[in-house]
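One structure below.
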Amino acid sequence: MSEVVLHEIHDKVGLIRINRPEAMNALNEAVVRGIAAAVDRFEADENIACIVLTGNDKAFAAGADIGAMKDFDYMDAYLGDFITRYWERIRTARKPVIAAVAGYALGGGCEFAMMCDMIFAADNARFGQPEVKIGTLPGAGGTQRLPRAIGKAKAMDMCLTGRLMDAAEAERAGLVARVFPADQLLAETLKVAGTIAAHSLPVLMMIKESVNRAFESSLAEGLLFERRAFHASFGLADQREGMQAFLEKRKPDFTNR
Ligand code: DAK
């Protein structure tokens, strides 16, 4: 049996690929556990400063594996805390994570992409929360992250009708940061991830934490958090190096300290 999750390293970027093409990359426990293990590995590797999560050209992931969950009863889901443990690992990653989405990102697939820090899409990408069509509702953040990303009106439309949104609409609506031709998605995403990873890792982590505070706090608290992180950056060798390099008109040599 082939590995359902593959991972490889491109310089300072860790790439994770979901690899269940026969099932449109449906997310069963092995896949979610494999993604979590790859994230653990890249988080522990101090040479890696950015992570990319992708699927194949037909599907990022068409949702949780319907066959694997169809016979669950309430107690199976509740007492087993249905795949929550591994599922949350992307959200708790401290390094930046980019989802590179081609083809379908549906249900849990769309939710997984939204747990990443930003989504880059191929022009053939289709996003959706179609759970309503199979008698259930989004269970991994769709009803919470989608309204934050695209507003209540479109989120309600997506979740109540189960309709799909193409890449162009997703970019207009703010779900997607950039759209690339399908055959260039991975190369372009790795290029951007490389640009990000060339910066100071602690600064990247402070930026990620600060942007995420915007969704967890009042504006005043968020501004205070940002200010403290900004002040803390004066304690970094990389901040001194970055400013010195600018003044000397050379490229900075960051040491992640
Ligand atoms: N699960 C299992 N198998 C799937 C699948 C899925 N979600 N999606 C596709 N497949 C399988 C198909 O059954 C088919 O298998 P074979 O018949 O060849 O054996 C194969 O992939 C190819 O799919 P199709 O023949 O259907 O291909 P089409 O091009 O015609 O259609 C499609 C592609 C993606 C539009 C269609 O397959 C589709 O509608 N798929 C289901 C989409 C869906 O309803 N997704 C939402 C599932 S519910 C949670 C975490 C996660 C979740 C909830 C809680 N916690 C942490 C608490 C998530 C829930 C969901 O995602």
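Rundown of residues vs (1) part of a loop (DSSP other than H, G, I, E, B); (2) under 30 Å from Ile48 (Cα atoms); (3) within 15 Å of the ligand (Cβ to nearest atom); (4) not aliphatic (A, V, I, L, M), yes/no style:
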| site | (1), (2), (3), (4) |
| --- | --- |
| Ala153 | no, no, no, no |
| Ala187 | no, yes, no, no |
| Thr195 | no, yes, no, yes |
| Met205 | no, yes, no, no |
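Taking the residues in the stretch 15-32 that are touching a residue at least 40 places away in the same chain (Cβ under 8 Å) and in a strand (DSSP E or B) as candidates, determine which candidate is nearest to Asp57 (Cα to Cα).
My answer is Ile18.
Here is a list of conditions, (1) in a helix (DSSP H, G or I); (2) touching a residue at least 40 places away in the same chain (Cβ under 8 Å); (3) touching a helix residue (DSSP H, G or I) at 6+ places or on another chain (Cβ under 9 Å); (4) surrounded by fewer than 18 Cβ atoms within 10 Å (Cβ to Cβ), and Asn256 meets all of them except one; can you say which number that is? The one condition Asn256 does not meet is (1). Taking (1) within 15 Å of the ligand (Cβ to nearest atom); (2) buried (at least 24 other Cβ atoms within 10 Å of the Cβ); (3) touching a residue at least 60 places away in the same chain (Cβ under 8 Å) in turn, Ile134 satisfies each apart from (2). Among the residues of the stretch 78-103, which ones are assigned to a helix (DSSP H, G or I) and at pLDDT 90 or above? Passing the criteria: Tyr78, Leu79, Tyr86, Trp87, Arg89, Ile90, Arg91, Thr92.
Restricting attention to the stretch 104-121, and to residues there that are part of a strand (DSSP E or B) and near the ligand (Cβ under 10 Å from one of its atoms), which single residue is nearest to Ala177 (Cα to Cα)? Among those that are part of a strand (DSSP E or B) and near the ligand (Cβ under 10 Å from one of its atoms), it is Ala105.
Scoring Ala168 on the criteria (1) of a type in the set (Gly, Ala, Ser); (2) within 11 Å of the ligand (Cβ to nearest atom); (3) touching a strand residue (DSSP E or B) at 6+ places or on another chain (Cβ under 9 Å) leaves a single failure, condition (2). Considering the stretch 86-118, and only residues there that are in contact (Cβ under 8 Å) with a residue 40 or more places away in the chain and basic (Lys, Arg), the residue that is surrounded by the fewest Cβ atoms within 10 Å (Cβ to Cβ) turns out to be Arg94. Search the stretch 137-151 for residues being in a helix (DSSP H, G or I), open to solvent by 50 Å² or more (accessible area, probe 1.4 Å) and in contact (Cβ under 8 Å) with a residue 24 or more places away in the chain, and hand back the single one that is farthest from Leu106 (Cα to Cα). This residue is Arg148. Considering (1) farther than 23 Å from Met24 by Cα; (2) without any contact (Cβ under 8 Å) to a residue 24 or more places away in the chain, the lone condition that Glu169 does not fulfil carries the number (1).
The values are calculated or read from the model by the stated rules, or taken from the named source; none is laboratory data. Here the structure is a predicted model, which is why all the values come from computation and not from measurement. Cβ sites come from the backbone with ideal geometry, for glycine too, and all protein chains shown count toward neighbours. The area values use the complete protein model at the heavy-atom level, side chains included, leaving out ligands, DNA and RNA. Shrake-Rupley method; radii C 1.70, N 1.55, O 1.52, S 1.80 Å.
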